[in-house]
Structure formats: C-alpha cells, structure tokens
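Asker: Encoded as structure tokens, here's the structure I'll be asking about.
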Amino acid sequence: GSGLRLKVSAAPADGSRPACLAEFPVSAEGGEYTLPVADPLLWSPDNPHLYRVDIELRQQGEACDARAERTGFVKLEMRGRQFCINGIPYFMRGSGDFISCPETGCPDTDRERWRQKLQALREYGYNYVRCQTYVYGPEYYDIADEVGLLVQSEMGMLGAWGGHSADH
C-alpha cells in the first residue's frame with residue numbers, strides 16, 4: 001500500500017474537554033471519513049463554542065501535509081416562520097455591513113481589527129450582520145464565529161436565480 005494515513009482530532013478551542021481522535025488509512029480513490037464527537041458543545045451567538053480540528057496526512061509515519069481549522073457545531077432551521085438555533089427560537093438583531101475598511105481601503109486581513117469591530121457590534125446588542133454588496137475574506141468570518149455573530153454573506157445573483165416569490 002501507499003502507507004498513507006489521515007490523523008484527525010477535534011477538541012474545544014478553549015481546551016475545556018479532551019480531543020476526539022481517529023486515524024484512517026487513505027486510498028488513491030479517496031473517500032469520506034467521519035470523526036464522531038459525543039455530546040459536542042453547541043455554537044450559538046450567546047455561547048460561541050468553537051472546536052479546533054487538526055488534520056494531518058502521514059506517509060509511513062511522517063507528516064507530509066497538515067491543516068488546522070476552527071468550526072462550530074450548530075443546527076440552524078426554520079420552524080414555520082420562526083428561526084431556530086439548536087432547536088431554540090431565536091430573534092436576530094442586526095445591521096448591514098457595506099465594506100467598512102477605511103484603514104486599508106481594501107479587504108482587511110487584520111484579525112485584531114476585526115475582533116475589535118465585531119466585538120463592538122456584540123456589545124451594542126447585535127447578534128447578526130448582513131454583508132451587503134461585498135464578500136469579506138476568511139478573517140472576518142472566523143472572528144464573527146469567535147465573538148458569536150451570525151453572518152448573512154452577499155449571495156450575488158441568488159435573487160435572480162431563485163425566481164420571484166413572497167420569500168425572494
């Protein structure tokens with residue numbers, strides 16, 4: 001065989017629980033891999049629990065590639081006309097964001113500047129922001145997850161593609 005193995009771990013980013021670990025053999029055909037996380041801490045704007053997921057590709061015991069990401073476990077759904085987060089009805093209080101990067105004049109990649117701006121929105125009582133006419137870089141979304149902000153990203157031509165109805 002190729003000796004390729006995929007090593008995966010997931011743990012709360014704050015270190016409050018031990019990591020879930022798994023290792024899988026990798027074939028040339030690829031495949032899907034599942035890492036069960038028992039009773040995960042759920043993400044919500046009021047409790048933005050994030051997990052760090054580490055993935056390492058190993059060949060004959062040596063790391064040849066790796067990636068780490070933060071993510072949250074959350075279920076977003078509509079029950080009739082009620083928006084729910086993790087099965088609990090939730091009211092969104094939000095604002096629009098129109099490419100507000102006067103410091104740089106272009107997409108900002110400074111995580112600390114985003115942390116200050118988005119945390120200020122949370123302190124004002126907002127839990128939701130709609131990005132209008134612009135799609136921010138990954139730093140924006142990562143910090144929004146961290147501070148507990150729901151983000152509705154710009155959807156391009158979705159309205160035109162989705163047709164015209166009472167919901168569009």
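Asker: Enter the accessible area of residue 106 (Å², nearest 10), with the probe set to 1.4 Å and all protein chains included.
Answerer: Counting only protein heavy atoms, residue 106 exposes about 60 Å² to solvent.
Asker: Compute the label zone of residue 23 within region 66-105: residues whose backbone N is under 20 Å from the point 7 Å along Cα-to-Cβ.
Answerer: 66-68
Asker: Of all DSSP beta bridges in the chain, what percent run antiparallel (nearest 5)? Intermediate values should be presented prior to the final figure.
Answerer: Numbers: 31 of 39 bridges.
For the chain, the DSSP antiparallel bridge percentage is about 80.
Asker: Give the calculated FRET efficiency between residue 133 and residue 47 to the nearest 0.05, with a Förster radius of 35 Å applied to their Cβ-Cβ distance.
Answerer: Details: r = 31 Å, r/R0 = 0.89.
After rounding, the FRET efficiency stands at 0.65.
Asker: Something else: Contour minus end-to-end for residue 78 and residue 60, with contour as 0.36 nm per residue of separation and end-to-end as the Cα-Cα distance?
Answerer: Values: separation 18, 0.36 × 18 = 6.48 nm, distance 4.72 nm.
Full-extension gain reported as 1.8 nm.
Asker: Considering amide H positions built from the backbone, and no H for Pro or chain starts, which residues 5 or more places from residue 83, or on another chain, come under 5 Å of its amide H?
Answerer: Result for residue 83 returns 90.
Asker: Put a dot 7 Å past each Cα toward the Cβ at residue 109 and residue 35; how far apart are the dots in nm?
Answerer: Inter-label distance under the simple model: 2.6 nm.
Asker: Tell me, what is a quarter of the convex hull surface for the C-alpha atoms of the chain, in nm² with one decimal?
Answerer: Projected over every direction and averaged, the Cα hull of the chain covers 13.6 nm².
Asker: Percent of accessible area on region 1-120 owned by carbon and sulfur, 1.4 Å probe?
Answerer: 53
Asker: Same structure again: Could you give the angle, 0 to 90 degrees to the nearest 10, between helix 138-147's Cα long axis and the longest principal axis of the Cα atoms of the chain?
Answerer: That helix lies at roughly 80 degrees to the long axis.
Asker: Name the most mobile residue of 79, 130, 111, meaning the one with the largest mean-square fluctuation, in a Gaussian network model of the chain with Cα contacts below 10 Å.
Answerer: Largest GNM mean-square fluctuation: 79.
Asker: So, one more: If you average the alpha carbon positions of region 21-42 and of region 81-137, how far apart do those two centres end up, in angstrom?
Answerer: 31
Asker: Taking region 31-88 on its own, what percent of its Cα-Cα pair distances exceed 20 Å?
Answerer: For region 31-88, the fraction of Cα-Cα distances above 20 Å is 46 percent.
Asker: When the chain is modelled as a GNM with alpha-carbon springs shorter than 10 Å, which of 81, 67, 115 fluctuates the most?
Answerer: 81
Asker: What does the accessible area per residue of region 1-146 come to in Å², with a 1.4 Å probe and no ligands, DNA or RNA counted?
Answerer: Normalised by residue count, the accessible surface of region 1-146 is 64 Å².
Asker: Rounded to the nearest 20 Debye, what is the dipole magnitude of the chain about its Cα centre when Lys and Arg each give +1 and Asp and Glu each give -1 at the C-beta?
Answerer: 420
Asker: Could you run the Karplus curve 6.51 cos²θ - 1.76 cosθ + 1.60 with θ = phi - 60° over region 7-24 and give me ³J(HN,Hα) per residue in whole Hz, x for Gly and Pro?
Answerer: Listing the rounded values in order: 9, 10, 9, 9, 8, x, 4, 7, x, 6, 9, x, 6, 8, 10, 7, 9, 10 Hz.
Asker: For the chain, modelled as a Gaussian network with Cα springs under 10 Å, which listed residue fluctuates most, 61, 137, 80?
Answerer: Largest GNM mean-square fluctuation: 80.
The values are calculated or read from the model by the stated rules, or taken from the named source; none is laboratory data. Remember, it's a predicted structure, so these values are computed and weren't measured experimentally. Please note: Cβ atoms are built from the backbone with ideal geometry, for glycine as well, and neighbour counts cover all protein chains shown. Surface accessibility is based on the protein's heavy atoms, side chains included, excluding ligands, DNA and RNA. Shrake-Rupley method; radii C 1.70, N 1.55, O 1.52, S 1.80 Å.
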